[in-house]
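These notes concern the structure reproduced below.
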Amino acid sequence: MTISNECDFDAVVVGAGFGGMYMMHLLAQRGFKARGIERGGDVGGTWYWNRYPGCQCDVESMEYSYQFSDELQQKWNWTQRYAGQPEILRYANHVADAFDLRRRFTFNTSVTAATYHDDEKVWHVGTDTGETVTARFLIMATGCLSATNTPAFAGLNDFAGPTYHTGAWPHDGVDFSGQKVAVIGTGSSAVQSIPLIARQAADLTVFQRTAAYTIPARNMPLDPERAAQIKANYKEFRARGALSPAAFGADYPRNLDSVLDATPEERERRFEEYWQHGGFMFLAAFSDISLNMDANRLAADFVRGKIRSIVTDPDVAELLCPDTVLGCKRLCADNGYYETYNLPHVHLVDVSSHPIEKLTAKGIVTNGKEYEFDAIVFATGFDAMTGSLLNCNIVGRDGLPLRQKWAAGPGNYLGLMTTGFPNMFTITGPGSPSALANLITGIEQHAEFITGLIAWADARGHRTVDAIQEEEDRWVEIVNQRANFTLYPNCNSWYLGANVPGKPRVFMPYIGFPDYSKKLRSVVASEYEQLMFA
Ligand code: N01
């Protein structure tokens, strides 16, 4: 590599999660001089921050792991079908040690500004420690779900007891024994943590605005024989995974038939089979659950039937039955979520028609009633996909802030580059399969694409690479057309930015990992003719 020495580094990588770590590994391997900056105290990203009880990955361990090193994937032994947060964090640390990555990052340091200087063709990256470093390339590996979202409730700071956000959980854990606890929210983080918080707390009240669909995860110790079988043909297993719509579920059949063509008996039998299998694959029981409203309603009816059969109080069961499109908000996977509401000390408060009015010193007020608590848990999610990028105050060519460019929604070519921000890349950015696919597979794909592109440009003496506005606009259109072909736009999900007041409503992830991969391969094969070099 020959990148100039006019700046401190060839590249700055922001984030030391799975994206930043692999990016750093590839840059180092190619001899690029790179510096990593990470807000947390160590590697792990999502798995460093989300330490709430019950936190586990909804993608099976044998698939939610790096594949770039066969030695790594052969040597590492997962213990569970779905790994929990502590095991995944151990894995991240193992990778950091095995590839000597930790020393390449500066921890406990946040990027506060990143400004492109067109005259030098260099990024100036400022941090909260007062340092500024310069680099030719800026690689944002800040994650899709990193910027926590706490609603601006009136009296937010008035509550006298401790408050916790699932996405920024204390490292030493929290002991809720003997306490009256509130959980606000019923998304994935709440669904995973509520059964465990209920085991500890003396009294637990869940504030639900939208009921979630959750399928039992059916987590269990990983069968060593199955692990050995996969390892014996790991490459083929990974290749099958990459051909799946969301880059996981390599060995599970995807049915091509319609729910609407099945007899009621066959429908029930198939739904039951997938319910028993557990987790996300429920959506693959028939081909049209995520595409056709009538098909979706039948699948949703099946899940509502399950809720009514599990939850003994019929009023609570009705409140827990979602009336939204199944899978439109991200499907959850649980370990005893609905069963938890059968416990006498667990209560459900519906805040759909009577929103939370305010927090007080003692607790939470809704519908004119004050509920008193010792502790409050915000399981209120994230400013997804764009929040962590915008928080870095990125300014591109001609002084254009990214926040201004994305005021009407994130324009991003391939989810990797945004016009006017030369030499800046977003790993699993908006416009890529990102959170609608196996994130580690998407991360590897992006890090390899970026490294290849930088090396290609460098070898030809190009100093900058930028996206082309027309290509970017067309790409945003494609991403939204693909979403409109499905039922995804039919709810207020974070995929659409609809969970954060004032955020533009634009569908952000690209649906369909195999088509996306094909597109990236064609861009490489055309020698990046859709990009602009200078
Ligand atoms: O956040 P969410 P999350 N008043 O946005 C409610 C990933 N993840 O942290 O639906 C009352 O899903 C909100 O209500 P509503 C995964 O991709 C992965 O649970 O907006 N309630 C909702 O119920 C997931 O999708 C794993 O009406 C309010 C909840 O808060 C993503 O992270 C595990 C409110 C937020 O749910 C986010 O999940 C966990 C208000 N003002 C998470 N504002 C893995 O398995 C918000 N809510 C890897």
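Here, each number is a calculation from the coordinates, and none is a lab measurement. Model, not experiment: these values are computed from the prediction. Cβ sites come from the backbone with ideal geometry, for glycine too, and all protein chains shown count toward neighbours.
Cβ distances below 4.7 Å define possible disulfide partners, and in the chain the cysteines left without one are Cys7, Cys55, Cys57, Cys144, Cys321, Cys332, Cys392. Highest average first, the peptides 249-255, 263-269 ordered by how many other beta carbon atoms sit within 10 Å of their residues are 249-255, 263-269. Each stretch of four or more DSSP H residues adds -39500 (n - 2.57); spread over every residue of the chain, this sum gives -9500 deg cm²/dmol at 222 nm. Net charge dipole, segment 471-517: roughly 260 debye, given to the nearest 20, about the Cα centre with Cβ charges of +1 for Lys and Arg and -1 for Asp and Glu.
Let me know the whole percent of all Cα-Cα pairs from segment 245-305 that are separated by more than 18 Å. Of all Cα-Cα distances in segment 245-305, 25 percent exceed 18 Å. For the listed residue pairs Lys75/Lys519; Lys235/Lys519; Lys121/Lys518, the alpha carbons are over 28 angstrom apart in Lys75/Lys519; Lys121/Lys518. Computed over the chain, the Cα gyration tensor eigenvalues convert (square root of 5λ each) into semi-axes of 38, 27, 23 Å, ordered from largest to smallest.
Available extension along the chain between Phe68 and Glu87 is 4.9 nm, counting 0.36 nm per residue and deducting the alpha carbon span. Between Glu272 and Gln29, the contour length at 0.36 nm per residue exceeds the alpha carbon distance by 82.7 nm. Net charge dipole, segment 167-256: roughly 340 debye, given to the nearest 20, about the Cα centre with Cβ charges of +1 for Lys and Arg and -1 for Asp and Glu. Would you please give the FRET efficiency between Phe107 and Glu318, computed as 1/(1 + (r/R0)^6) with r the Cβ-Cβ distance and R0 = 45 Å, to the nearest 0.05? The computed FRET efficiency comes out at 0.40.
Summing Lys and Arg as +1 and Asp and Glu as -1 over all other residues whose Cβ lies under 11 Å from the Cβ of Val346 gives a net charge of -2. Comparing Ala198, Tyr252, Pro216 along the charge dipole axis of segment 178-261, the residue lying farthest to the positive side is Ala198, per the Cβ-charge model.
In segment 121-228, a dipole from Cβ-located charges (positive for Lys and Arg, negative for Asp and Glu) runs towards its positive end, and of Ile139, Pro170, Ala182 it is Ile139 whose Cα lies farthest in that direction.
Relative to the Cα centre, the charge distribution of the chain, modelled as +1 at Lys and Arg Cβ and -1 at Asp and Glu Cβ, gives a dipole magnitude of about 380 debye. Here's how it looks for Thr112: its modeled amide H is under 5 Å from those of Gly126, Thr127, Asp128, which are all 5 or more places away or on a different chain.
Using only alpha carbons, segment 187-281 has a radius of gyration to Kirkwood radius ratio (Rg to Rh) of 1.06.
With no solvent and one point per C-alpha, what does the Debye sum give as log10 I(q)/I(0) for segment 126-273 at q = 0.20, 0.22 Å⁻¹? Reported log10 I(q)/I(0), two decimals: -1.29, -1.41.
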